[in-house]
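Notes for the one structure printed next.
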Amino acid sequence: VETRQGVGTFVLERAREGPFRVDPAELATIEEVIAVLELRIAIEAEAAALAAGRRSDTHLAAMRQALGAFARSVEAPDDAVNPDFEFHLQVAAASGNRHFADLMNHLGTLIIPRTRLNTARFAQEDRTEYLRRVGREHEDVYAAIARRDGDAARAAMRTHLSNSRERLRRAQENAGPVLG
């Protein structure tokens, strides 16, 4: 607010706090997590399509390594957040456009909904089965990129992230916002 003597008090526009960022404190609701997923759908689907056309064998190896780490985390009592993020980061890197990877690095692991919410509970699934399904979705993205099919890579990434968004929307409709 701003007070002007003799005139009154006025509500000002929210001040820009510098460069773009997603504040972890703002990701305390399902609505905000969904909003980040919507941003990711727009960005990562295109990154996956570009990666299909521009990826190298080195990029594929890095993605495969992240997928292996994810699979091992699923079978261990681990949240699999770091290898999940690493897979998405490697897809962004394979796009050949450094800005995709820079944005992913900037956002960090907080873009993975499991860092803020118990997504397996929202999906009403066992943790292991939930993470295995996420792993299968990652494999679909990887396979499309490996065969250099940009349309399929875009669709697989869009499906993967949209599935997360829809699970959260259904949970929100059924139970309201609950953190886990």
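Numbers at a glance
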quantity: For residue 153: the one exception among (1) modelled with pLDDT of 95 or more; (2) under 22 Å from residue 32 (Cβ atoms); calculated: (2)
quantity: Test: residue in segment 110-121 that is modelled with pLDDT of 90 or more and of a type in the set (Val, Ile, Thr); calculated: no
quantity: Total residues in segment 39-96, condition out of contact with any Leu (no Cβ under 6 Å at 6 or more places or on another chain) and β-branched (Val, Ile, Thr); calculated: 4
quantity: Qualifying positions in segment 37-58 - part of a helix (DSSP H, G or I), within 19 Å of residue 104 (Cα to Cα), touching a residue at least 60 places away in the same chain (Cβ under 8 Å) and open to solvent by 20 Å² or more (accessible area, probe 1.4 Å); calculated: 38, 43, 46, 50
quantity: Pick from segment 127-160, criterion within 19 Å of residue 47 (Cα to Cα) and hydroxyl-bearing (Ser, Thr, Tyr), ranking: least open to solvent (accessible area, probe 1.4 Å); calculated: 142
quantity: Filter result for residue 130 (closer than 17 Å to residue 167 by Cα, among the aromatic types (Phe, Trp, Tyr) and in a helix (DSSP H, G or I)); calculated: yes
quantity: From 25, 52, residue being modelled with pLDDT of 90 or more and either hydrophobic (A, V, I, L, M, F, W, C) or under 23 Å from residue 144 (Cα atoms) (or both); calculated: 52
quantity: Sole exception among (1) more than 25 Å from residue 75 (Cβ to Cβ); (2) free of Cβ contacts under 8 Å to residues at least 60 places away in the same chain for residue 152, by number; calculated: (2)
quantity: Hey, residue 99 open to solvent by 50 Å² or more (accessible area, probe 1.4 Å), farther than 11 Å from residue 48 by Cβ, out of contact with any helix residue (DSSP H, G or I) (no Cβ under 7 Å at 6 or more places or on another chain) and at pLDDT 95 or above or not; calculated: yes
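So that you can scan it fast, the table gives a plain yes or no per residue for (1) of a type outside the set (Asp, Glu); (2) modelled with pLDDT of 95 or more:
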| residue | (1), (2) |
| --- | --- |
| 15 | yes, no |
| 29 | yes, no |
| 36 | yes, no |
| 75 | no, no |
| 85 | yes, yes |
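The values are calculated or read from the model by the stated rules, or taken from the named source; none is laboratory data. In this text, all values refer to a predicted model and were calculated from it rather than measured experimentally. Every residue, glycine among them, receives a Cβ derived from its backbone with ideal geometry; neighbour counts consider all protein chains shown. Just so you know, the surface numbers come from the protein's heavy atoms only, side chains and all, with ligands and any DNA or RNA stripped out. Shrake-Rupley method; radii C 1.70, N 1.55, O 1.52, S 1.80 Å.
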